[in-house]
Amino acid sequence: MSDWYVGAFSRVEAEHALHLVNRGGAFLVRDCSKCTPLEPLVLAVFYENRVFNIQIRYSQSTSQYTLGTGLRTNDAFNTVADIIKFHSIFPIALIDGRNPNEDNQKRSCVLMYPITRENMLQLLSI
C-alpha cells in the first residue's frame, strides 16, 4: 500500500478527518468494517463539503479490484495503487448512496490530496 492507506480507522473517524482537512479532492483508503476478502477496503473522498465512501471490491475470478457496485462502470485494476493513480488523472464519479437516482449525479472529482496515517493521528489527536 501507499501513504494514502491509513488502515483500520472507522468510517466516522475517516469522515471527521476529511472534514477537518476541508479540501476538495482529499482522500484516503481505509480498511472496510466488513473486512471480507471480497470487500477489503473503502476509498473515502472529500468533495463539495461531503465525504463519499466508495467500496473497493476484489474479484477472485479476475484477481482485480473495482470501485463501488460495478453498476456504473466495469473498470478493473490490478492493484489499489492503480485505482488511485488512474483517478488522480481521470475524475471519479461520486454517487450519493442515499439518493442514487437523483438528477445531480454529475459529481466527479480527481483524487488530489492524500491523507496519510500520520495525518489521521494528528487530526484526530490520537
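The values are calculated or read from the model by the stated rules, or taken from the named source; none is laboratory data. Remember, predicted model here, so these are calculated numbers, not experimental data. Cβ atoms come from the backbone with ideal geometry, glycine included; neighbour counts cover every protein chain shown. In case anyone asks, the SASA skips ligands and DNA or RNA and just uses the protein heavy atoms, side chains included. Shrake-Rupley method; radii C 1.70, N 1.55, O 1.52, S 1.80 Å.
Roughly how big is the chain's charge dipole about its Cα centre, with Cβ charges of +1 (Lys, Arg) and -1 (Asp, Glu), in debye to the nearest 20?
Its charge dipole is roughly 80 debye.
At 1.4 Å probe size, with every protein chain present, just tell me what the per residue accessible area of the chain comes to in Å².
So the chain comes to 58 Å² accessible per residue, rounded to a whole number.
How would you rank 84-92, 30-38, 51-59, 116-124, highest first, on the average number of other Cβ atoms within 10 Å across their residues?
Peptide ranking by packing, descending: 51-59, 84-92, 116-124, 30-38.
Using Cα-Cα distances under 8 Å and only pairs 6 or more residues apart, what relative contact order does the range 1-92 have, in percent?
For the range 1-92, the relative contact order is 19 percent.
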